[in-house]
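The values are calculated or read from the model by the stated rules, or taken from the named source; none is laboratory data. Fair warning: this is a prediction, and the values are worked out from it, not measured in the lab. Glycine also receives a Cβ, built like all others from the backbone with ideal geometry; neighbour counts cover every protein chain displayed.
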Amino acid sequence: MGYKSGFVAIIGRPNVGKSTLLNAMIGQKIAIMSKRAQTTRNRIRGVRTTDSSQTIFIDTPGIHTPHHRLGEYMVEIATQTLQEVDLVLFVVDATTGLHPAEREIVKQFESVRTPIFLVLNKVDAVEKPILLERIETYQNIHAFDEYVPISALKHDQTETLAKLIEDRLPEGPKFYPDDMVTDYPEQFIIAEIVREKVLQLTQEEVPHAVMVEVEQMERRNQDTLYVHAVIYTERDSQKGILIGKQGQMLKRVGELARKELEALLGSKIYLELWVKVKKDWRNRPTLLRQFGFNN
Ligand code: GDP
Ligand code: MG
Ligand code: K
């Protein structure tokens, strides 16, 4: 048997644990984890390389009912992806069971020839009899190619899943060098981590109306990376919350993001954050493109 390689899409509703799973498979933090829905808006690739195979994971946004332009856009990406990849991982939350939106997603599977695994995540938080019931419920609506209960958070059965994935990959070359875990530029990862900290610290007060753009990034000397990033909000009130009393909130966002980035990129970071208001960006196609949402 020769070397194997292929593309695997990770799909599923927001918050089921797609990013956590990707990170577990890659062994490094790349996709952004969050308790709040819909953190991942872009396709993020993670590469898992072993002696026998290379798997390129695509972390797509959750398929869901669109409410505004951005929503419509997200549905498009997700369905197209199903046709293009070698394998689809349909991740569901075993603690909550079948969701009505998942019925809609599964309907789309009927016209897809790509193999699809049902990955039941968060089994660490579910009793066995309930888990078995859940599996049966999903079995009744679609004949999946594998049923794989895992805990992405605790890394339970993630290696089993990796093996099952490898079994389905076609023979093919190593597309990426061994030490490469993502093909997203540092700028993108920095922006995502700043955004994650904003969402974590501001709770419900600044809803998803936040976008981060790295405007400048340069290595000032051997071990310091200078980063200038702008956090865009939709309203003045959100800008106020984000900056906080005497700039305290923004300072905390910056500190948390800097610590994590230093660990991730192995370099000292000088992080300068600004907050700007850009009204109603979600409904403006040109702005969406500007922020890199069109591929
Ligand atoms: P995504 O929206 O599908 O990418 O979901 P995330 O990976 O951001 O995870 C959403 C939430 O579920 C986070 O709070 C995770 O810590 C949590 N989570 C993910 N995997 C597991 C798991 O295996 N067990 C438990 N108990 N929680 C998990
Ligand atoms: Mg995610
Ligand atoms: K998410």
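A few comments on the model shown:
- GLY27 meets the conditions (1) surrounded by 23 or more Cβ atoms within 10 Å (Cβ to Cβ); (2) at pLDDT 65 or above; (3) more than 8 Å from ligand 1 (Cβ to nearest atom) in every case but one. The failed one is (1).
- Within the set LYS122, LYS154, the sole residue that is of a type in the set (Lys, Arg), without any contact (Cβ under 8 Å) to a residue 60 or more places away in the chain and assigned by the TED database to the domain that holds LEU89 turns out to be LYS154.
- In the stretch 110-151, of all residues being assigned to a strand (DSSP E or B) and polar (S, T, N, Q), the one that is surrounded by the fewest Cβ atoms within 10 Å (Cβ to Cβ) corresponds to SER151.
- Here the stretch 100-109 is the region considered, the condition is being under 20 Å from the mean Cα position of the chain (by Cα) and of a type outside the set (Asp, Glu), and the residue that is surrounded by the most Cβ atoms within 10 Å (Cβ to Cβ) is ILE105.
- Looking across the stretch 190-210, just one residue is at pLDDT below 80 and crowded, with 19+ Cβ neighbours inside 10 Å, and that is VAL206.
- Figure legend. Inter-residue proximity from the stretch 104-119: first residues more than 21 Å from LEU22 (Cβ to Cβ) and outside the structural domain of ILE11 (by the TED database), second residues part of a helix (DSSP H, G or I) and among the polar types (S, T, N, Q), beta-carbon distance below 7 Å, spacing 6+ or different chains. No pairs are indicated.
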